[in-house]
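K.L.:
Got a structure for you, written out below as structure tokens; questions coming shortly.
Just so you know, all these numbers are worked out from the coordinates, no wet-lab data involved. Because the structure is a prediction, the values reported are computed rather than measured. Cβ sites come from the backbone with ideal geometry, for glycine too, and all protein chains shown count toward neighbours.
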Amino acid sequence: MLKLAEKYGSKPANELPMLFQRILQNTIRDHCRRQKVRSRWTSLMSSLIPHHEEADYEPLDSLQDEDNNSQGLAPDASFEQSQLIALIEEALILLPARQREAFLLRYWEDMDTAETATIMGCSEGSVKTHCSRATHSLAVIMRKKGVYMP
């Protein structure tokens, strides 16, 4: 209701119910999208737990939420976050081109197997193989750099 009042207060009264409905739908959709992204990142990053952390370590708790800016990071946590991101970027560069392409399209661009196969010009089975190999290679690379899986 605050969004409606702030942005559309000057609109005629007969348009307000429809505008409110649209704002409500978009807000719910945005919330669901954020939850989906959070869930995906939680599952992707759960295997990237630093060895020195305790068992209940949650990678997303240490990353800043850029949309809501709910809490800033302490300087040391910000440094650790930037180091982890740099390690992941370095590891991605080391992957073969097809594995990197499949991994980024599937997991970072959130495309399904069929879309990824169409873009890459290969079969869905090849996409699954490339993604599996990329995931295993990333785990090995990250382990060598001191980031261990549980």
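K.L.:
What number comes out for the charge environment of R29, summing +1 per Lys or Arg and -1 per Asp or Glu over other residues with Cβ under 12 Å away?
P.N.:
+3
K.L.:
Can you list the lysines whose alpha carbon is less than 29 Å from that of K144, not counting same-chain residues fewer than 8 positions off?
P.N.:
Partners found: K128.
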